[in-house]
There are 2 protein chains.
Amino acid sequence: LTDEDGHGRDLVVGWMRELDLDVGIDVVGNIIGTWNCASGAPVMTGSHIDTVRTGGRFDGNYGVLAGLEVIQTLKEAGITPTRPLAVGIFTNEEGARFAPDMLGSLVYVGGMSVEEALDVIAIDGARFADELEKIGYNGPNPCPGPSPHAFVELHIEQGPVLESIGFRLGSVTGVQGISWQELTIVGQSNHAGTTPMSMRRDPAFVAARITVFLRDLAMRYGPPQVCTVGKVDLVPNLVNVVASKVTMTVDVRNTDEAVLRRAELEFAEFLSVVAQEEDVTISTRTLARFEPVTFDERVVDIVSDVCQSFEVPAHRLPSGAGHDAQMFARVCPTAMIFVPSIKGISHNPAELTDDADLSLGADVLLHTMLRLASTDFTIESNT
Amino acid sequence: LTDEDGHGRDLVVGWMRELDLDVGIDVVGNIIGTWNCASGAPVMTGSHIDTVRTGGRFDGNYGVLAGLEVIQTLKEAGITPTRPLAVGIFTNEEGARFAPDMLGSLVYVGGMSVEEALDVIAIDGARFADELEKIGYNGPNPCPGPSPHAFVELHIEQGPVLESIGFRLGSVTGVQGISWQELTIVGQSNHAGTTPMSMRRDPAFVAARITVFLRDLAMRYGPPQVCTVGKVDLVPNLVNVVASKVTMTVDVRNTDEAVLRRAELEFAEFLSVVAQEEDVTISTRTLARFEPVTFDERVVDIVSDVCQSFEVPAHRLPSGAGHDAQMFARVCPTAMIFVPSIKGISHNPAELTDDADLSLGADVLLHTMLRLASTDFTIESNT
């Protein structure tokens, strides 16, 4: 919801209008461009165009632009799907400025109230509603929005799995659970030269112990457990002053809800112990908490079938990252398509995928959307 | 050298002029107020009026204001010392904005060139000379400045020693050595959800290991070894991004130069090991490095004698913090007087000393300055 986000939205909305799509904007800024070529609920694709501060070009943008490419290609080929096709741009997927992440798609499916979303305060102190209004994307459409017939999101993997096993396509079976916490550690500010080590109540040292503990926990649990401390702020943050306060974030993920809960519990116990040992107070605040998501097997199968039809087999894998698709999985048959990330690098300007893989992914998206349009999900499949 | 520092200087210079002192300002902004009541080199006292961002009221200010109180008291009592008395306010003692700390007194005694000092860049990017000019304290007096006959600084202890052993006065025997480094750790920015732990090159985790190592080192070495990580900055500092870069400061102090060197060496070896283990690069920059200082025994004895004359014995102790006095120890007989800090708290708004102790310290300063004025340091003492 920065000015730059506004400019990006204007650009992509312009492209939607060039494709003669009906563009609707809802109360939390989600943009849905629909090709009303038929009646009924649309097959929807889409992703996000917001980014982390040091992100790459493909994360999110790829899925949105490929969706538009699918519609343009079908129009140019004179092919009319049996249902409307829609491309969504969902607000604040990254959660880099507002928590939780995937906020737009969460509100779209009714997982968070509009009022609560509009009142979210950014890490820079700005209010969601004010920032949305400033860029002119406080639209009229209500949330929750209408459920699509089916949802499929095309995204870069953002991890090293596909490349390391030599697959060009991934059929995503689900999304791992995400637990985000913000910790506030309060100790006692003091002079770095005169305060004996035994008398210190140093929140910076406690933050370090927490960071080391989380690495140890992740290594003990083994893959797919991951733990990250990505944000740490000391007060007053000066060379010769024992800090008075540290705020830090903790990102813990696992594909298994039971294991994720065990990790959270063990971490909470550690916080209690370290707070006592170091004579500091630690308060915690949940920034986001999403259980692992399992995608619709029928959609996962369709993605795999389409990949096979290109004679490029898809590897079935869970997603390490959160995606808007996981929200749509609550309201309609949903899955995702992955293309590889070179060296697994993402959230980094060096993020890259081969042109051929990007193109292949868009082809798979096109045929998957057509297949979804002609699939009646009210009939249970045999598999 | 902020505007607030300028206002503080204006206030204290005004008080100096009310006492009819000759006020001289040198090229790095040191302010010397001299009572030219006699001929010869002055007995100088003084300290600093700059502060860390979350400092207390006494650190530095106490020594400067007590110096002015000494002169006012002598004038009111009609007592004329046998030498001029001078009170110095030394620029950037804390080093909170410009490195090294004690910059003003260091330049005054010729330990750093004026040119080098004027070119120092602040943590906020400002240049020392520009900031000095902005507040109007780029004075005409040259550095190095004239050596005083003797120097004595009155300061709060900023540590818990005097209080814990029940002494109201400290006769300071020297200052521990200080080693300040800035570390820059470069790893690889990546997605917190999709990057397996085994593939991470996480500078935030390395910063945590370094912080824990330094605590361990300080505990192994035992008192008076202290190590502090007071400043840590992650890039991009976001919840769901493995950091690309961390800059952090390290403050290591000991009263024994050999032990301090051993600590530095052991730390450097650890950095080399951890950089290899975690596949990051670590570069180091020295922000300040001062060897431990031993004060002039004759001045230390005079301080102790004066305390005894008040029937309040002084405890002899080294200073954990750096002080302007340690720079003057290079050019003239020098020592310090300490009063207790309640609970040892300093660099904290809660910093406090009993009024009675503050008053007693100023009395000791007065009589010490008179004794120093009448002492001929060219004659070796019998002790």
Handout entry: Scan of segment A:211-253 for residues that are touching a residue at least 24 places away in the same chain (Cβ under 8 Å), assigned to a helix (DSSP H, G or I) and either of a type in the set (D, E, K, R) or touching a strand residue (DSSP E or B) at 6+ places or on another chain (Cβ under 7 Å) (or both), ordered by number
Key = A:L214, A:L217
Exercise for the section: Name the single residue, out of those in segment A:350-364 being hydrophobic (A, V, I, L, M, F, W, C) and away from every other protein chain (no Cβ under 14 Å), that is surrounded by the fewest Cβ atoms within 10 Å (Cβ to Cβ). Expected result: A:A356
Practice task
Would you check if B:A99 is surrounded by fewer than 21 Cβ atoms within 10 Å (Cβ to Cβ) and in contact (Cβ under 8 Å) with a residue 12 or more places away in the chain?
Solution key: yes
Exercise for the section: Could you please find all residues in segment A:254-271 being touching a residue at least 60 places away in the same chain (Cβ under 8 Å), more than 11 Å from every other protein chain (Cβ to nearest Cβ) and under 20 Å from B:F205 (Cα atoms)? Expected result: A:A263, A:E264, A:F270, A:L271
Practice task
Look through A:A150, A:A96 and report the one residue that is within 13 Å of chain B (Cβ to nearest Cβ) and of a type in the set (G, A, S).
Solution key: A:A96
Exercise for the section: Look through B:A268, B:A288 and report the one residue that is surrounded by fewer than 22 Cβ atoms within 10 Å (Cβ to Cβ), at pLDDT below 95 and within 28 Å of A:M248 (Cβ to Cβ). Expected result: B:A288
Fill in the blank from the handout: Conditions (1) in contact with a Pro (Cβ under 6 Å, 6 or more places away or on another chain); (2) free of Cβ contacts under 8 Å to residues at least 60 places away in the same chain -> B:T54 fails only (2)
Problem - Count - residues of segment A:214-240 that are more than 7 Å from every other protein chain (Cβ to nearest Cβ) and under 24 Å from B:E182 (Cβ atoms) - result: 2
Fill in the blank from the handout: A:A38 fails exactly one of (1) hydrophobic (A, V, I, L, M, F, W, C); (2) surrounded by fewer than 17 Cβ atoms within 10 Å (Cβ to Cβ); (3) within 14 Å of chain B (Cβ to nearest Cβ), namely (3)
Practice task
Filter segment B:113-160 for residues that are assigned to a loop (DSSP other than H, G, I, E, B), surrounded by 18 or more Cβ atoms within 10 Å (Cβ to Cβ) and free of Cβ contacts under 8 Å to residues at least 24 places away in the same chain and give the result.
Solution key: B:V120
Practice task
Would you check if there is a residue in segment A:352-373 being closer than 27 Å to A:R53 by Cα, under 19 Å from the mean Cα position of the chain (by Cα) and polar (S, T, N, Q)?
Solution key: yes
Problem - Residue that is surrounded by the most Cβ atoms within 10 Å (Cβ to Cβ), among those in segment B:337-349 that are within 12 Å of chain A (Cβ to nearest Cβ) and hydrophobic (A, V, I, L, M, F, W, C) - result: B:F338
Handout entry: Which numbered condition B:T194 misses (of (1) in a strand (DSSP E or B); (2) free of Cβ contacts under 8 Å to residues at least 12 places away in the same chain)
Key = (1)
Exercise for the section: Among the candidates B:T249, B:T284, B:T294, single out the residue that is within 12 Å of another protein chain (Cβ to nearest Cβ) and not aliphatic (A, V, I, L, M). Expected result: B:T249
Exercise for the section: Within segment A:35-50, work out how many residues are in a loop (DSSP other than H, G, I, E, B), under 22 Å from A:L352 (Cβ atoms) and not charged (D, E, K, R). Expected result: 2
Problem - Checking A:V274 against (1) within 18 Å of B:N237 (Cβ to Cβ); (2) among the aliphatic types (A, V, I, L, M); (3) away from chain B (no Cβ under 11 Å), the condition it does not meet - result: (1)
Practice task
Give the residue, chosen from A:I32, A:I71, A:I25, that is in a strand (DSSP E or B), surrounded by 24 or more Cβ atoms within 10 Å (Cβ to Cβ) and modelled with pLDDT of 95 or more.
Solution key: A:I32
Exercise for the section: Could you tell me whether segment B:9-22 includes any residue that is surrounded by 24 or more Cβ atoms within 10 Å (Cβ to Cβ), farther than 30 Å from B:K343 by Cα, touching a Gly at 6+ places or on another chain (Cβ under 9 Å) and more than 14 Å from chain A (Cβ to nearest Cβ)? Expected result: no
Completion exercise
Counted residues in segment A:51-68 being of a type in the set (V, I, T) and either farther than 14 Å from A:E93 by Cβ or not in a loop (DSSP other than H, G, I, E, B) (or both) come to 2
Exercise for the section: Working only within segment A:297-336, note down all residues that are crowded, with 23+ Cβ neighbours inside 10 Å and at pLDDT below 95. Expected result: A:S319, A:G320, A:A321, A:G322
Practice task
May I ask you to list the residues in segment A:188-209 that are within 23 Å of B:R209 (Cβ to Cβ) and crowded, with 24+ Cβ neighbours inside 10 Å?
Solution key: A:A192, A:T195, A:D202, A:P203, A:A204, A:F205, A:V206, A:A207, A:A208
Fill in the blank from the handout: In the set A:I135, A:I185, the lone residue that is modelled with pLDDT of 95 or more, more than 10 Å from chain B (Cβ to nearest Cβ) and more than 25 Å from the chain's Cα centre (by Cα) is A:I185
Problem - Residue match in segment A:164-172 (condition: closer than 30 Å to A:V43 by Cβ, surrounded by 24 or more Cβ atoms within 10 Å (Cβ to Cβ), in contact with a Ser or Thr (Cβ under 7 Å, 6 or more places away or on another chain) and in contact (Cβ under 8 Å) with a residue 12 or more places away in the chain) - result: yes
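The values are calculated or read from the model by the stated rules, or taken from the named source; none is laboratory data. Quick caveat, the model's predicted, so the values are computed rather than measured. As a convention, Cβ positions derive from the backbone with ideal geometry for all residues, glycine included, and neighbour counts pool all protein chains shown.
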